[in-house]
Amino acid sequence: MNKKKVLNDPVYGFITIPGHLIFDLIEHPYFQRLRRIKQLGIAEYVYPGALHTRFHHALGAMHLMGEAISTLKSKGHLISDQECEAVQIAILLHDIGHGPFSHVLEHTLLHHVSHERISLLLMNELNKEFDGALDLAIRMFSGQYERRFFYDLISSQLDIDRLDYLNRDCFFTGVTEGSIGSERIVKLLDVVDNQLVVEQKGVYSIENFLTARRLMYWQVYLHKTSICAETMLIQSIRRARELVHAGQSVYTTPALEIFITNEPTLEDFRTHPQYIQAFTQLDDYDIWACIKQWTVHPDRLLAHLSTMLLNRKLFKIRFFDVPPSDEVFEALQAQVLALPGVTEADLPYLVVRGETTNSAYLASRQPIRILTKDRGVVDVSEASDLPTIKALSQIVRKYYIAYAVKGI
């Protein structure tokens, strides 16, 4: 069977699956599950075109990684075929541990277990199935390989993951301000002292990349309507879990049931195979199936939250530059309590406060390094003659209260 397939990607055009092992990993059920997990969670409630999946993103990142490796090899860096395959596997599988709705439910369904930890667990499971063929990819993914620049390509402030998802999310949402020149950035990559750098003539492309990232966060990832929908989804799951723990019957799919009735830790995932088995069956469809069933649940609050979410009758939201005072919060609670059918016990689900943060660039975390014309290496904020990057280094924090506007 010919396993060197060519795919037509809407962002990059024709991309090639480079070898048998990568083809077999793509065909594996763990990876195919990513077809059923949307890249942007519930952002389609704001941008109807945002229907692309983690599957699309992973394939695009694999393609870009291949381009990056070709660039580095063309500049005289010795990279073996084994290393090339391993780093493409690492980026292909970097999101394999995402649960339903990507980041939205990451800390709702699981108890302090990040998707990166689950990705590593699943990569180790795959490594057993493939007789150790993923050993090098796992070392690269976890930052244990001695050639550090491979880890920079996989996970840093200018990694292949970000280069693909900004381009892809921009394409599918139609938010053109998020467009970046990923191909140009990839062509300007180099390695100095085992660290990934960008040639000096790429400084303005990096500025554009960081600016686009900041814009995409406020216009897409942290859009006010998305936050409202995400809040309602989280509160629906929270209410269902509370009812189950109180002994009431609540419909769940088999894959979701174990995470509604339990809150497994990372150690539970390592020592109890049923959690990995259930997680690798869990996707967006499980959540939507439950939401649809919950619209007719006898619990009026669960039914209300689910019906409103399903029909896009969303909470409203107010943003604040500083944490809102108790007086402001209590005033909104009183406003919601005055709605028909709302009781005091409903308020924790119908008036929810939180905060969002955005920092396009932090020099203290794996800085983006610029290779100057005299072969020196400096931080991008020092290489640029514009104040933009210093401004982008500021952490912007916004506080919010999301609240219901319709009675039960």
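Quick note: the coordinates plus some simple rules give every number you see, no bench work behind them. Since the model is a prediction, treat every value here as computed from it, not as a measurement. Quick reminder, even Gly has a Cβ in these numbers, built from the backbone with ideal geometry, and neighbours come from all protein chains shown.
Tabulated values for the structure
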read-out	value
Angle between the chain longest axis and helix 54-74 axis [Cα atoms, degrees, rounded to 10]	20
Calculated [θ] (222 nm, deg cm²/dmol) that DSSP helices of n ≥ 4 give over the chain, each run adding -39,500 (n - 2.57)	-14000 deg cm²/dmol
Structure-derived Cα extents along the principal axes in Å - corresponding label in (1) 70, 52, 36; (2) 66, 51, 44; (3) 104, 53, 39	(1)
0 to 90° range, to nearest 10: angle between helix 224-245 axis and the chain longest Cα axis	60
Two-decimal Rg to Rh for the range 6-223 - Kirkwood Rh, Cα set	0.94
Partner lysines for LYS398 [C-alpha distance under 17 Å; skip if fewer than 8 residues away on the same chain]	LYS224, LYS316
Positive dipole terminus of the range 6-223, leading residue within HIS103, TYR204, GLY178 (C-beta point charges)	GLY178
Calculated from backbone phi, Karplus (6.51, -1.76, 1.60) coupling profile of the range 126-133 in Hz, x at Gly/Pro	5, 4, 5, 5, 9, 6, x, 5
About the Cα centre, charge dipole magnitude for the chain (Lys/Arg +1, Asp/Glu -1 at Cβ), debye	840
Mean-position separation - Cα centroids, the range 312-344 and the range 365-408, in angstrom	31
Under 21 Å, Cα to Cα: Lys pairs in the range 6-223, sequence gap 8 or more or different chains	5
Under 5 Å, built H, 5+ apart or other chain: amide partners of VAL191	VAL197
Among beta bridges that DSSP assigns inside the chain, antiparallel share in %, nearest 5	95
Under Karplus coefficients 6.51, -1.76 and 1.60, residue-wise ³J(HN,Hα) of the range 284-294 in Hz, glycine/proline x	4, 5, 4, 5, 5, 4, 5, 4, 5, 5, 5
Nonlocal amide H pairs with THR53, under 5 Å, H built at 1.01 Å	GLN39
For the chain, with +1 on Lys and Arg beta carbons and -1 on Asp and Glu, the positive-most of ALA303, ILE17, THR253 along the dipole	ALA303
HN-Hα J in Hz across the range 320-328 - Karplus 6.51, -1.76, 1.60, θ = phi - 60°, x for Gly and Pro	9, 7, 10, x, x, 5, 4, 5, 5
Least to most buried among PHE320, PHE55, PHE141 (fewest other Cβ within 10 Å first)	PHE320, PHE55, PHE141
